[in-house]
Amino acid sequence: MKKPDVHYREEVFPEDVLQVQRLAQSAKLFYPEEIVVAIELVRERLAKGTGSGYYFLFLEDEKNKVIGYACFGPIPATKESFDLYWIVVDRKHQGQGLGKELIKASEQMISSMGGSRIYVETSSREQYKDTQQFYLKAGYHEEACMSDFYAPGDNKIIYLKQIS
């Protein structure tokens, strides 16, 4: 599949609730309760604006269809630390470098907001091996591993990237 022409959008619209749900489901990685959380973050942002602490970057194709997104925010009670809560690219568009572009654009946005440390967490389950490699290739390193965090045998891996 040819890589689409893309652009970014920061503004969150009510229809993004369904777009985020569609993208999270297309990944075929997440438990239903995780997808509910992704949707709730969009709703929280719509209700409270930047006061929610959640920021979004939507990746859209030339027809303005959302084909990926990232959600991140400052970690309360820290000075320069941010969490990258979600980064998802539609399964049909994976393998084209769009995730790499999206994470770089998110890092730039975080930097412009005063962030210098980005934390991201993921599962140790086998189906997350590609996700783990994605973060390592993007310059993140494993900072911590919490055994049996999500479920027995399903560890929480926390990655960190220091940015300028």
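In this entry, Lys79 passes the filter for residues that are among the charged types (D, E, K, R) and part of a loop (DSSP other than H, G, I, E, B). Scanning segment 26-39 for residues that are modelled with pLDDT of 95 or more and under 14 Å from the mean Cα position of the chain (by Cα) gives Ile35, Val37, Ala38, Ile39. Out of Glu143, Glu101, I need the residue that is under 24 Å from Glu10 (Cα atoms), touching a strand residue (DSSP E or B) at 6+ places or on another chain (Cβ under 9 Å) and in contact (Cβ under 8 Å) with a residue 24 or more places away in the chain. Which one? So the residue among Glu143, Glu101 that is under 24 Å from Glu10 (Cα atoms), touching a strand residue (DSSP E or B) at 6+ places or on another chain (Cβ under 9 Å) and in contact (Cβ under 8 Å) with a residue 24 or more places away in the chain is Glu101. Does Lys156 count as surrounded by 15 or more Cβ atoms within 10 Å (Cβ to Cβ) and over 14 Å from the mean Cα position of the chain (by Cα)? Answer is yes for this residue. The number of residues in segment 107-126 being surrounded by fewer than 17 Cβ atoms within 10 Å (Cβ to Cβ) and assigned to a helix (DSSP H, G or I) comes to 4.
Looking at this structure, is Lys48 surrounded by fewer than 16 Cβ atoms within 10 Å (Cβ to Cβ) and at pLDDT below 95? Spelling it out, it is not the case that Lys48 is surrounded by fewer than 16 Cβ atoms within 10 Å (Cβ to Cβ) and at pLDDT below 95. Just the residues that are assigned to a helix (DSSP H, G or I) and surrounded by 19 or more Cβ atoms within 10 Å (Cβ to Cβ), please, taken from segment 82-101. Matches in segment 82-101: His93, Leu98, Gly99. Cβ separations smaller than 9 Å between residues 6+ apart or across chains give the following pairs from segment 1-16 residues that are within 20 Å of Lys104 (Cα to Cα) and part of a loop (DSSP other than H, G, I, E, B) to residues that are acidic (Asp, Glu) and at pLDDT below 95: Pro4/Asp61; Pro4/Glu62; Asp5/Asp61; Asp5/Glu62. Taking Ala70, is it in a loop (DSSP other than H, G, I, E, B), of a type outside the set (S, T, N, Q) and either more than 21 Å from Glu15 (Cβ to Cβ) or out of contact with any His (no Cβ under 6 Å at 6 or more places or on another chain) (or both)? When the stated conditions are applied, Ala70 does not pass them.
Between Lys104, Lys129, Lys63, Lys79, the distinction of being within 23 Å of Leu18 (Cα to Cα) and surrounded by fewer than 20 Cβ atoms within 10 Å (Cβ to Cβ) belongs to Lys63 only. Considering only segment 25-54, how many residues are out of contact with any strand residue (DSSP E or B) (no Cβ under 6 Å at 6 or more places or on another chain), in contact (Cβ under 8 Å) with a residue 40 or more places away in the chain and in a helix (DSSP H, G or I)? Number satisfying all stated conditions: 1.
The values are calculated or read from the model by the stated rules, or taken from the named source; none is laboratory data. Source: prediction; values computed, not measured. All Cβ positions, even for glycine, are placed from backbone atoms using ideal geometry, and neighbour counts span all protein chains on display.
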